[in-house]
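The values are calculated or read from the model by the stated rules, or taken from the named source; none is laboratory data. None of these values were measured; they are calculated from a predicted model. Reconstructed Cβ throughout: ideal geometry from the backbone, glycine too, with neighbour counts over all protein chains shown.
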Amino acid sequence: MALGSESQAATTADPSCPPFPLLEDDGGHIHEQEQEVPSGAELELPTVDLDAPGEALAAACRGLGVFRLANHGVPASLSARLFATARAALAGAPFHDKRAQPGYFWGTPALSLRVRDVNWVEGFHVALGGHQQPAPGPPLGDLLDLAAEYGAHMARVARALFDALAAPLGLGADQAATYLAERDGFLRVYRYPRCPEPGHLGMEAHTDSSVLSVINQDAVGGLQVFHDGAWRDVAPGAGETGTLLVNLGDMARAISGDAYCSVRHRVAASQAAERLSLCYFAFPQDDAVISCAGGRYRPFTYAEFREQVQADIKATGSKVGLERFLLR
Ligand SMILES: O=C(O)CCC(=O)C(=O)O
Ligand SMILES: [Fe+2]
């Protein structure tokens, strides 16, 4: 059931693609456990209006933990320019050039260390929050400039959503401020290249460690949400200039005492079309003590949580997450 040889990683003919390992003769064994889980019908998501989030937001957070966001105020022209630049920087550049660029990654090493589970994805990790980046030439330099402008919109959106979803939790002013460091989040610019064979995931199943994550995707689709015991497709909607998609992460679940849902999700790889997405993640401040009266978790700092996740991934290849902090 193992790959013939990890050293025999095959590349596709496309020079923009990283050397993703392909299966040799026993196609389809990857993610066999995932594939035992049934696939259900497409999942309808609720829509929240950022101008009037109200009860729709609270219901979406308590229910699915994922929703579409309308009236988000991100200019369609900014989104379109960012996608075009991302396409040029990823699909339009040879792998050998990209791998030398700051922030470039492929195969999501942060989520899995096992070669056989490598994810069919590449991208750039862009730290927001004013860290001085060396200024590379175009198209990556342009991408970073646009990402900074887009990141400011994401911070605005995240703060507005957080204040609305935190209100019913009765957080103090200090908690409301430190539980979301919206300007210090990061942006991942993903490209899921066309995959030459079935049985691969673009991104394996996980919950986000964030407070909340905001996904902007093209019209290709591939995102799936685990709901009622099945993997359900999420329609991409109108694509890059339409509604955004928001999902809550582990920190929203912890500060709400499990009232809010940190949704399990993954991305299917497609043989038919490549997919681009821009994902923004907002976290608590590193030293924020996450606690919830009557909750199931012991108080922990966000830095502690992040370090535990990294340690678990290093030791086992997978994230354990909040279970690690359960009160004994
Ligand atoms: O590309 C996407 O739509 C989702 C990516 C994702 O789930 C993640 O980066 O955590
Ligand atoms: Fe995610």
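In contact with a strand residue (DSSP E or B) (Cβ under 9 Å, 6 or more places away or on another chain) and either within 13 Å of ligand 1 (Cβ to nearest atom) or among the β-branched types (Val, Ile, Thr) (or both), is that true of CYS279? Here the answer is yes, as CYS279 does meet what is asked. Exactly one residue among LEU140, LEU187, LEU169, LEU201 is away from ligand 2 (no atom under 16 Å from the Cβ) and within 21 Å of the chain's Cα centre (by Cα), and that residue is LEU140. All of GLY137, GLY129, GLY73, GLY103 fail the test of being at pLDDT below 95 and touching a His at 6+ places or on another chain (Cβ under 8 Å), apart from GLY103.
Kindly list the number of the only condition in (1) in contact (Cβ under 8 Å) with a residue 24 or more places away in the chain; (2) more than 26 Å from VAL121 (Cα to Cα) that fails for VAL289. The one condition VAL289 does not meet is (1).
For the residues LEU180, LEU143, LEU171, the requirement of being surrounded by fewer than 23 Cβ atoms within 10 Å (Cβ to Cβ) and either more than 13 Å from ligand 1 (Cβ to nearest atom) or in a helix (DSSP H, G or I) (or both) singles out LEU171. In region 210-221, of all residues being touching a helix residue (DSSP H, G or I) at 6+ places or on another chain (Cβ under 8 Å) and farther than 9 Å from ALA282 by Cα, the one that is farthest from ligand 2 (Cβ to nearest atom) corresponds to ASP218.
Got a sec? Which of VAL118, VAL189, VAL211 is modelled with pLDDT of 95 or more, buried (at least 24 other Cβ atoms within 10 Å of the Cβ), touching a Pro at 6+ places or on another chain (Cβ under 8 Å) and among the β-branched types (Val, Ile, Thr)? The match here is VAL211.
Restricting SER209, SER213 to residues that are in a loop (DSSP other than H, G, I, E, B), within 23 Å of PHE186 (Cβ to Cβ) and not hydrophobic (A, V, I, L, M, F, W, C) narrows the list to SER209.
The requirement of being modelled with pLDDT of 55 or more, loosely packed, with under 14 Cβ neighbours inside 10 Å and closer than 22 Å to GLY107 by Cβ is fulfilled nowhere in region 30-45; no residue meets it.
Being of a type in the set (S, T, N, Q) and within 15 Å of ligand 1 (Cβ to nearest atom) is true of SER262.
Counting only strands (runs of 3 or more DSSP E) that sit completely within region 237-287, those holding 3 or more residues that are under 18 Å from the mean Cα position of the chain (by Cα) and surrounded by 23 or more Cβ atoms within 10 Å (Cβ to Cβ) correspond to 244-248, 275-282. Within region 161-172, residues that are within 16 Å of GLY294 (Cβ to Cβ) reach partners that are among the hydroxyl-bearing types (Ser, Thr, Tyr) with beta carbons closer than 6 Å, at six or more positions or on different chains, in the pairs LEU169/SER256.
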